[in-house]
1. Answer with one residue from Leu92, Trp34, His79: the one whose Cα lies farthest towards the positive end of the charge dipole of the chain, charges on Cβ with Lys, Arg +1 and Asp, Glu -1.
2. Less than 13 Å Cβ to Cβ from Leu99, Lys/Arg counted +1 and Asp/Glu -1: what total charge do the surrounding residues give?
3. Rounded to the nearest 500, what is the 222 nm mean residue ellipticity of the chain from helices alone, with -39500 (n - 2.57) per DSSP H run of 4+ residues and division by all residues?
4. To the nearest 20 debye, what is the magnitude of the charge dipole of the chain about its Cα centre, counting +1 on the Cβ of each Lys and Arg and -1 on the Cβ of each Asp and Glu?
5. Taking the Cα centre of region 1-61 as origin and charging only Cβ (+1 Lys, Arg; -1 Asp, Glu), how large is the dipole, in debye to the nearest 20?
6. Between the helical axis of 78-92 and the dominant principal axis of the chain, each derived from Cα atoms, what acute angle in degrees is found, rounded to the nearest 10?
7. Between Asp85 and Asp29, what is the FRET efficiency for a Förster distance of 25 Å, r being their Cβ-Cβ separation, to the nearest 0.05?
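Where a number appears in this text, it was derived from the coordinates with a stated rule and is not lab data. Since this is a predicted model, take the numbers as computed values, not measurements. Quick reminder, even Gly has a Cβ in these numbers, built from the backbone with ideal geometry, and neighbours come from all protein chains shown.
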Amino acid sequence: EDWHELARMLPDRPLEEEDIDILGRRDIDINYDWTPHVGRYTDDGILNGDYWKQRKAANRLDLDVDRQPLEARDSLNRHQRLVYDTVMDHFLNQEPSQLLLHVDGGGGTGKSYLINLLSAHL
């Protein structure tokens with residue numbers, strides 16, 4: 001795939017991280033001319049502060065999770081197990097900070113299985 005080729009071109013490039021606490025206060029944010037965007041989004045729900053409540057009510061999710069035995073985690077490959085253990089440890093240790101993960105892979109690699117298993121065990 002194309003992204004594989006790009007990844008091979010930059011194998012030693014370190015990951016760049018943005019401090020989420022400064023988003024909106026960076027030079028690029030402050031120096032941007034936001035005036036064309038002012039007044040552009042005038043939905044009453046947004047202005048009244050209940051937009052998100054309306055969206056959630058209109059798009060209810062079925063949160064029924066299949067029951068999975070704890071032993072099901074043994075079916076995960078080592079990469080899936082690393083993600084599983086990271087999420088479960090974070091949850092069980094009641095870490096106050098937000099855990100941000102990016103799980104990707106080609107079709108049929110078990111992403112949905114991993115997420116469903118985590119949902120069942122959380």
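1. The residue sitting most towards the positive pole is Leu92.
2. Working: positive: none; negative: Asp85, Asp89, Glu95.
Overall, the nearby charge balance is -3.
3. Working: 6 runs with 51 residues, N = 122.
The per-residue figure over the chain is -11500 deg cm²/dmol.
4. 420
5. 520
6. Roughly 60 degrees, rounded to the nearest 10.
7. Computed FRET efficiency for Asp85 and Asp29 comes out at 0.10.
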